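These notes are about the structure you will find just below.
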Amino acid sequence: MRILLLTQYFAPEVTAASVRLLPLAAGLAARGHQVEVVCEVPNHPEGVVREGYRRRPFVRRRLQGFSVRYVWVRASPVKTQRSRMLFYGSYALSGALAGIAARRPDVVLASSPPLPGAAAAMAVARLRRVPWVMDVRDPWPEAPVALGELSDKRAIAALERLERRLYASAAAVVTVTEPFRDGIVAKLAAPEKVTVIPNGTTDAWLEAGESEEDRRDLGMPEDRFVLTYAGNVGLAQGLDAAIDAAALLDDGFQLQIVGSGPRLESVRERASRLPPGRVVFRGLVPPEAAARYLRASDASLVPLGGIPERQRSVPAKLFDCSAIGRPVIVSAGGEATRLVGAADAALCIPPDDPTELAAAVRRLQGDGALRLRLAENGRAFARQHRREDGIDRFERLLVSTARGER
């Protein structure tokens, strides 16, 4: 079967999209399917196109058994509502043109956010007269409105109309949590079209949790309790609370932030007021390097800001952090807390609460048995949520869609 995947974000960018879609594309290719990915030239989160991809309308690469076509987008390091809309719109245009030029697929798969990329997939599917499937990692425009990234009422209304049109047009809709499914069904009124295929971890992360890391090799202190956050430094993560929690702790503690994003400089400035060494920044690294930092830490942090609309989501990093074999502090509410709470797989605290986070750190510092229990339960939780299982379900869905059975 020939599968065309349209997604704005993809590897080598380190994003929630690539965490979900790279194993999916590789897994489908390993099962004998011909997969072609159409995505933007790598530029996220800096907004600067990387070397090797500049001044060209598209770039072809071969990754893990499948083809990738990187297309031009209007990238910008300045993140305003206007620059974001131009960024998303340029991918929709470039992605649609590339999809039309590609060999005729049996099925088109689109991943959102952002929503304009899914609109490009709908257009390609209609022109090529094939069915398409929409993978909703986060509802749009609800997510950017909740984060304050989108406020223009006319733009919001237009995107809401587009959202409903896309749901209605797709042969099937996939999403990552049950609360997201409920929200989509309320707009679509066709529950049989909506399937939940959650995120999960990979064997690589589970294997990383079986080895030991020497802190000295990574430049990490051996005499401090190190709590590590690895991922996007953006609006949704609520990392200001983590910096404020670091201020409440003593010099036996270090917060390590591995990653980059639109709020990195703001978080850096906040951390600069603290004693030297209390917070360190490692920058953006490949996933395998992030796994090493997490494994060498005493605990990892999975935060999600306290915006009510965000409580229906589950950070994709939760499963990988659980797999690494170190206790996890989940600073969130809603669905993420429900999942790990049922498995006793993490220490759960309210979002955006520095006092509670500092107390959780002190509790882990002083209770070795608790650390061991959470680490073991976290590994078991991760094994129950493997991406391989999700790939099997995606394959069955895509095959049945291509055959016209949905």
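All of the numbers you see were taken from the coordinates with simple rules; none came from a lab. In this text, all values refer to a predicted model and were calculated from it rather than measured experimentally. When we count neighbours, we look across all protein chains shown, and the Cβ atoms used for this are built from the backbone with ideal geometry, even at glycine.
Here the relative contact order of the range 203-383, from alpha carbon pairs under 8 Å that lie six or more residues apart, stands at 24 percent. Taking every DSSP bridge with both residues inside the chain, close to 10 percent are antiparallel.
Once the convex hull of all Cα atoms in the range 203-383 is built, its volume per residue stands at 101 Å³. Here's the list of aspartates and glutamates a cross-link from LYS187 could span, going by alpha-carbon distance under 15 Å and ignoring same-chain residues fewer than 8 apart: ASP138, GLU142, GLU160, GLU163, GLU178. Summary of the geometry: the range 239-306 and the range 338-364, compared by the centres of their Cα atoms, lie 16 Å apart.
Quick check on the chain: helices-only [θ] at 222 nm, where DSSP H runs of length 4 and up contribute -39,500 (n - 2.57) each and the sum goes over total residues. Nearest 500, please. Don't skip to the answer; put the middle values down first.
Details: 16 runs with 182 residues, N = 406.
It lands at -13500 deg cm²/dmol.
Hey, if you put +1 on the Cβ of every Lys and Arg and -1 on every Asp and Glu Cβ in the range 203-383, which of LEU374, ALA208, ALA359 ends up farthest toward the positive end of that dipole? Of the candidates, ALA359 comes out farthest on the positive side. In a DSSP loop and with at most 13 other Cβ atoms within 10 Å, the GluC sites (Glu not before Pro) in the range 1-97 are GLU51.
What is the packing order of peptides 365-371, 83-89, taking the mean over residues of other C-beta atoms within 10 Å and listing the highest first?
Working: 365-371: 12.6, 83-89: 17.4.
By packing density, highest mean first, the sequence is 83-89, 365-371.
Does the range 274-325 come out rounded, prolate or oblate, given a ≥ b ≥ c as the square roots of the eigenvalues of its C-alpha gyration tensor, rounded meaning a/c under 1.5 and, failing that, prolate meaning a/b above b/c? Oblate. Take each peptide in 25-32, 218-225, count the other Cβ atoms within 10 Å of every residue, and average; sorted highest first, the result is 25-32, 218-225.
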